[in-house]
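Asks: Below you will find the structure I want to go over with you.
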Amino acid sequence: MNGEGRFAPTTQLQHKPTLLCCIATQLQGMVLDQGPNLARLWDGAAIHADRYGERAARLAALHSLGLDVPDGRLLPVDVVARLVAADVQYNVGDLVVPGQLVALRSSPQAAAWGGPSAILNIGMGDAVAVAPETYCRFIQHYAVTVDRVDAEAFEGLASVEACKAAYLEETGAEFPQDAGVQLQAAIKAMLRDWRSRSARILREAKGAPSDAGLALIVQNMAQGEVATARFVDAVSGEARLVCDAGSDIRGQLPGIGAAITHGLGDVYDIEFAAEKGVVRILDAEKAKRNARASVTIAVDLAKSGAISRDEALLRVDPRNLIEHLHPQISPGAVRDVFCSGMAASPGAATGAIVFSAEAAQAMALQGLECILVRGETSPEDIRGMQAARAVLTVRGGMTSHAAVIARGLGLPCVVGASDLKLNSKRKTLTALDRRMFREGDVVTIDGTTGQGLAGAVAMVPAALGGSFATLMEWADARRELGVRANADTPQDARVARGFRAEGIGLCRTEHMFFEENRINVMREMILADSTADRRAALERLLPIQRADFEELFDIMHGLPVTIRLLDPPLHEFLPSDAVDIQDLAKAMDLPVALLTARAGELAEVNPMLGMRGVRLGVVMPEIYEMQARAIFEATVAVNKRATAPVEPEVMIPLVSANREVELVKARIDAVAALVRAETGSAFNYRLGVMVETPRAALRSGDLAKSAAFLSFGTNDLTQMTYGLSRDDAGRFMRDYVHQGVFPEDPFHTLDLEGVGELLLMAAQRGRAANPDLVLGLCGEHGGDPASVRFCKLAGFDYVSCSPFRVPIARLAAAQATILST
């Protein structure tokens with residue numbers, strides 16, 4: 001190419017006869033000539049990754065730090081692109097130095113995309129004095145890499161002459177002795193590999209665009225033994241030098257590693273040549289690290305001043321904190337996978353298979369660890385889930401009952417393992433490979449990857465101190481968005497406090513009724529055929545619920561507690577199994593037929609859209625009145641002994657019309673007045689609405705006139721917006737995501753285009769009607785980093801998520817603040 005950037009015909013290259021003779025038959029009459037002003041690695045700051053690739057920019061930066069890096073010439077991305085597009089070769093005259101061996105290295109614009117392997121020792125030939133075995137290895141490597149000769153053609157060959165003969169036989173040409181010819185052929189081979197279909201697919205899978213840019217480095221070869229050095233442990237992230245070089249070289253490496261770390265702001269592994277006692281750096285790559293190590297490295301870098309605290313916070317993927325919060329399978333463990341499903345709740349646990357909640361409880365009483373396996377779980381299984389170490393279900397999705405409860409309990413959980421065949425009567429579980437597991441067989445559940453493993457597997461424990469704790473302190477100091485926890489029991493609340501949640505954003509009161517000493521009283525209330533009988537049962541539930549609320553308020557020490565009034569359809573509290581129905585009939589002294597008939601009256605065609613949520617409060621107001629009284633009496637009791645006053649937040653679920661709020665609010669206000677009068681104690685409370693229906697989002701301006709806060713329940717809001725069953729969508733969701741119907745599972749990551757627009761609209765209309773309106777999000781999306789960032793940008797006050805996802809939300813909220821400033 002001439003000085004004006006045009007292709008130069010071969011007639012203009014007559015002053016380079018060495019090259020012309022070998023080019024004339026190959027170039028279709030053209031070569032691309034960069035000209036005399038080639039960029040060099042030693043040009044330092046002038047070498048940018050966008051034009052010269054990430055490897056070249058990194059090597060140039062290392063040289064600028066004063067480190068010994070062999071110099072090299074660079075073919076930028078645009079020149080390489082033209083070589084590929086025009087299918088011509090490069091005029092390598094300015095790249096060849098007589099007697100100088102060079103290495104051809106690829107330099108993609110982003111190192112993560114990968115690239116062709118380096119071709120070393122280009123220029124080696126009969127006139128270059130090297131050891132015969134070195135020359136022999138070069139001929140073989142050149143033949144295999146450049147000419148695509150089968151490596152088997154050189155097996156057993158030890159002499160140069162034998163290797164040359166094999167080369168001639170395989171290629172039909174003598175092994176090239178001209179350095180320019182070797183280099184041109186090497187460049188052509190490297191571009192061939194870069195544009196191959198398999199290479200393109202692999203890099204696009206890593207996020208590279210279809211027109212991903214590649215630059216090339218022609219680097220002077222350093223003589224001496226090549227070695228590598230690592231400066232941190234890839235599992236723990238702790239500083240540790242690993243290198244098999246001699247002691248004279250090892251003594252130089254810590255200083256080199258420290259210079260790179262402070263100069264480039266990260267820890268790198270290096271490849272180097274030890275040449276006459278001098279370390280010459282050939283390449284450097286960011287040190288490999290697992291999720292736990294990434295936290296330690298980021299914190300150590302910030303402490304040393306290599307990067308800022310903000311940069312350290314941005315270096316850690318919030319989702320990777322899961323590796324700290326739960327026991328995990330050891331990285332080197334052998335995995336005997338018998339099933340795969342959705343990774344619904346992270347962590348790993350080993351135990352004996354059980355197929356019922358009762359069996360799980362019995363095993364826990366014996367001090368044994370178990371894995372609860374179900375087709376899908378229901379509220380009746382909660383006690384069994386609490387007794388188990390992990391949960392595996394055949395059906396269900398990311399927001400199914402098993403997934404939500406397991407995340408709240410911190411249990412590893414895999415759902416939707418649809419290849420399994422479960423026979424509950426015979427108590428067997430059959431895998432796709434026909435292996436059969438029986439009750440008592442030991443398995444391991446990996447909720448982080450969504451796998452079930454046969455047998456026991458080595459584990460690494462949770463790690464909540466050290467660098468993790470430091471990173472969380474930095475996150476809290478930086479974030480502006482509040483983070484609360486979804487907590488239904490005192491145990492949940494304690495876990496939430498341990499993870500520094502700033503209150504409870506969702507307490508699902510229905511989960512309080514499934515304890516063994518309560519469920520039958522709840523069932524009596526449901527099955528009552530008169531208001532008087534229902535109130536009598538509710539009177540028995542009142543002190544139980546009041547005690548629960550007192551304990552929650554005590555644990556949270558004055559932090560906000562949002563209590564959702566009863567939400568699920570009443571049939572969920574009734575047994576479905578014939579044996580359980582008989583047991584309940586006996587306990588209640590009722591005929592089985594009468595109990596069955598009464599339960600049948602409660603049956604609904606679509607119960608999740610039927611008699612649930614606020615509809616219970618409107619049609620059976622005595623239920624919400626009991627719950628309101630329990631909340632307010634607990635408030636009075638705790639305020640008498642607490643230093644920080646309790647101001648409970650009462651939330652009405654599944655609202656779709658403001659009139660529903662007005663009706664329930666009037667009754668709750670009346671209960672509050674009665675409790676104040678009866679106790680002689682003053683207290684405040686806040687009434688809010690859980691926005692879960694599209695209509696509630698659209699009419700948020702109306703709701704804001706009656707509510708102090710709106711909390712978006714994105715599980716149901718997503719379900720109703722899409723018309724998807726969150727329990728059944730797992731059956732086809734992977735196919736939908738794979739085929740690009742949805743970019744992600746909308747129950748896992750918030751749908752910004754649809755559900756997100758509803759949230760924005762609701763926030764704007766609500767705040768327009770009530771500028772003091774508090775906005776929160778309490779669905780499972782509250783623990784998803786992308787959804788947390790959306791909430792920050794949308795002006796929400798807080799998110800609320802499962803206790804074990806609180807640290808994830810805290811870090812994501814800090815990142816959202818940093819990125820928005």
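The values are calculated or read from the model by the stated rules, or taken from the named source; none is laboratory data. Only a predicted model underlies this, so the values are computations on that prediction, with no experimental measurement involved. Positions of Cβ are backbone-derived with ideal geometry, glycine not excepted, and every protein chain shown enters the neighbour counts. Protein only, heavy atoms only, side chains kept; ligands, DNA and RNA dropped before computing areas. Shrake-Rupley method; radii C 1.70, N 1.55, O 1.52, S 1.80 Å.
Asks: Looking only at the chain, where both bridge partners belong to it, what percent of the DSSP beta bridges are antiparallel (to the nearest 5)?
Replies: Just about 60 percent of them are antiparallel.
Asks: Can you pull the one-decimal nm distance between simple spin-label points at ASP772 and VAL579, each 7 Å off the Cα toward Cβ?
Replies: The two pseudo-label positions are separated by 5.7 nm.
Asks: Right, here's the next one. Against the longest principal axis of the chain, how steep is helix 77-86, in degrees 0 to 90 to the nearest 10, with axes from Cα atoms?
Replies: The angle comes out near 70 degrees.
Asks: Need one word for segment 435-528: rounded, prolate or oblate. Basis is the Cα gyration tensor (sqrt eigenvalues a ≥ b ≥ c); a/c below 1.5 gives rounded, then a/b vs b/c decides.
Replies: It is oblate, given that a/c is not under 1.5 and a/b is not larger than b/c.
Asks: Apply 1/(1 + (r/R0)^6) to the Cβ-Cβ distance of ASP529 and ALA362, taking R0 = 41 Å, and write down the FRET efficiency to the nearest 0.05.
Replies: It comes out at approximately 0.70.
Asks: Further question: Using the crude model of +1 on Lys and Arg Cβ and -1 on Asp and Glu Cβ, and no other charge, please compute the dipole size for segment 185-344 relative to its Cα centre, in debye to 20. Let's see the in-between values first.
Replies: Working: 21 positive and 20 negative charges, 93 e Å.
I would put it at about 440 debye.
Asks: Right, here's the next one. Answer rounded, prolate or oblate for segment 91-180, using the Cα gyration tensor with square roots of eigenvalues a ≥ b ≥ c: rounded when a/c is under 1.5, else prolate when a/b is larger than b/c, else oblate.
Replies: It is oblate, given that a/c is not under 1.5 and a/b is not larger than b/c.
Asks: While we're here: May I ask you to rank TRP42, TRP194, TRP113 by accessible area, largest first, using a 1.4 Å probe over the protein chains only?
Replies: So the residues, ranked largest to smallest area, are TRP42, TRP113, TRP194.
Asks: Moving on to the next point. Using Cα pairs under 8 angstrom and six or more residues apart, how large is the relative contact order of segment 536-638, in percent?
Replies: Reported relative contact order: 51 percent.
Asks: If you don't mind, another one. How many angstrom lie between the Cα centre of segment 99-154 and the Cα centre of segment 680-698?
Replies: 71
Asks: Give the accessible surface of the chain per residue, rounded to a whole number of Å², with probe radius 1.4 Å and ligands, DNA and RNA excluded.
Replies: 42
Asks: Could you give the nm distance between label points at SER308 and LEU752, where each point is 7 Å from its Cα heading toward the beta carbon?
Replies: Roughly 2.3 nm, to one decimal.
Asks: Under 25 Å from the Cα of LYS164, which lysines turn up, not counting those fewer than eight places away in the same chain?
Replies: LYS188
Asks: Let me ask you something else. All other residues with a Cβ under 11 Å from the Cβ of ALA348 taken together, and with Lys, Arg as +1 and Asp, Glu as -1, what is their net charge?
Replies: Once positives and negatives cancel, what remains is 0.
Asks: Another one. Note the angle between two axes, namely the Cα long axis of helix 132-145 and the longest principal axis of the Cα atoms of the chain, as a number of degrees from 0 to 90, rounded to the nearest 10.
Replies: The answer is roughly 60 degrees.
Asks: To the nearest 20 debye, what charge dipole does segment 653-791 have about its Cα centre, counting +1 at the Cβ of each Lys and Arg and -1 at the Cβ of each Asp and Glu?
Replies: That gives segment 653-791 a dipole magnitude of about 560 debye.
Asks: Which entry in (1) 202; (2) 231; (3) 162 is this structure's computed volume of the Cα convex hull per residue in Å³?
Replies: So the calculated entry is the one marked (1).
Asks: Any chance you could run the full-extension gain for ARG426 through ALA477? It's 0.36 nm times the residue separation minus the Cα-Cα distance, nm to one decimal.
Replies: Extra length available between ARG426 and ALA477 comes to 12.8 nm.
Asks: Can you pull the accessible area of ASP529 for me, 1.4 Å probe, Å² to the nearest 10?
Replies: For ASP529, the solvent-accessible surface is approximately 130 Å².
Asks: Another one. So if I place +1 on the C-beta of Lys and Arg and -1 on the C-beta of Asp and Glu, and nothing else carries charge, what would the dipole magnitude of the chain be about its Cα centre? I want it in debye, nearest 20.
Replies: On the way: 83 positive and 100 negative charges, 196 e Å.
Charge dipole, the chain, about its Cα centre: 940 debye, nearest 20.
Asks: Roughly what angle does helix 291-304 make with the longest principal axis of the chain, taking Cα atoms, 0 to 90 degrees, to the nearest 10?
Replies: Result, in degrees: 70.
Asks: Which whole-number percent gives the relative contact order of the chain, counting Cα pairs below 8 Å spaced six or more residues apart?
Replies: Once normalised by length, the contact order is 9 percent.
Asks: Another question, then. Let me check I've understood the local charge: for ALA274, count other residues with C-beta under 14 angstrom from its C-beta, Lys and Arg +1, Asp and Glu -1. What total comes out?
Replies: -3
Asks: For the chain, with all protein chains present and a 1.4 Å probe, just round the carbon and sulfur fraction of the accessible area to a whole percent.
Replies: That fraction is 51 percent.
Asks: Related question: For segment 558-589 and segment 353-378, what is the separation of their Cα centres, given in Å?
Replies: Comparing the Cα centres of segment 558-589 and segment 353-378, I get a distance of 20 Å.
Asks: Next up: Excluding MET588 itself, calculate the net charge of residues whose Cβ lies under 12 Å from the Cβ of MET588, where each Lys or Arg counts +1 and each Asp or Glu counts -1. Mind dumping the intermediate values first?
Replies: Details: positive: ARG523, LYS586, ARG598; negative: GLU524, ASP533, ASP583, ASP589.
It works out to a net charge of -1.
Asks: If you don't mind, another one. What does the extension gain come out to for SER198 and ASP419, with contour length at 0.36 nm per residue minus their alpha carbon separation? Intermediate values should be presented prior to the final figure.
Replies: On the way: separation 221, 0.36 × 221 = 79.56 nm, distance 3.06 nm.
Full-extension gain reported as 76.5 nm.
Asks: Among VAL404, ALA630, VAL592, flag the residue with its Cα farthest along the positive direction of the charge dipole of the chain, charges on Cβ as +1 for Lys/Arg and -1 for Asp/Glu.
Replies: Value: ALA630.
Asks: Can you return the lysines within cross-link range of LYS586? Criterion is Cα-Cα under 30 Å, with same-chain partners fewer than 8 residues away left out.
Replies: LYS425, LYS427
Asks: Now for a separate question. Which order do HIS511, HIS748 take by accessible area at a 1.4 Å probe, largest first?
Replies: HIS748, HIS511
Asks: Rg over Rh of segment 32-114, using C-alpha atoms and the Kirkwood radius, what does it come to?
Replies: The Rg/Rh ratio comes out at 0.96.
Asks: Then there's this: Just to confirm my numbers, what's the Cα centroid distance between segment 469-522 and segment 265-308 in Å?
Replies: Using only Cα atoms to place each centre, the spacing works out to 39 Å.
Asks: Turning to a different aspect of this structure: Sorting check: for 181-187, 597-603, which peptide has the highest mean count of neighbouring beta carbons within 10 Å, and how do the rest follow?
Replies: Descending mean neighbour count gives 181-187, 597-603.
Asks: Equivalent ellipsoid semi-axes for segment 128-284, as square roots of 5 times the alpha carbon gyration tensor eigenvalues: give them largest first, rounded to whole Å.
Replies: Equivalent ellipsoid semi-axes, largest first: 34, 24, 14 Å.
Asks: Under 37 °C and 0.692 mPa s, how fast does segment 488-588 diffuse according to Stokes-Einstein, given a Kirkwood radius computed over C-alpha pairs? Answer in µm²/s, whole number.
Replies: It comes out at roughly 219 µm²/s.
Asks: Could I ask something else about it? Please report the projected area of segment 285-389's Cα convex hull averaged over all directions, in nm². Don't skip to the end; give the middle numbers.
Replies: Details: hull surface 39.3 nm².
The Cα convex hull of segment 285-389, projected and averaged over all directions, gives 9.8 nm².
Asks: Once ligands and nucleic acids are excluded and a 1.4 Å probe is used, how much of LEU538 is accessible, expressed in Å² to the nearest 10?
Replies: Counting only protein heavy atoms, the figure is 10 Å².
Asks: Still on this structure: Any aspartates and glutamates with Cα under 12 Å of the LYS705 Cα? List them, leaving off those in the same chain fewer than 8 positions away.
Replies: Within reach: GLU662, ASP772.
Asks: Where a ≥ b ≥ c are the square roots of the eigenvalues of the C-alpha gyration tensor, would you call segment 520-672 rounded, which needs a/c under 1.5, or, failing that, prolate if a/b is larger than b/c, or oblate?
Replies: Since a/c reaches 1.5 and a/b is larger than b/c, the shape of segment 520-672 is classed as prolate.
Asks: Please give, to one decimal in nm, the separation of the simple spin-label points placed at ASN320 and ALA239, each 7 Å out from Cα toward the Cβ.
Replies: Computed distance between label sites ASN320 and ALA239 equals 2.0 nm.
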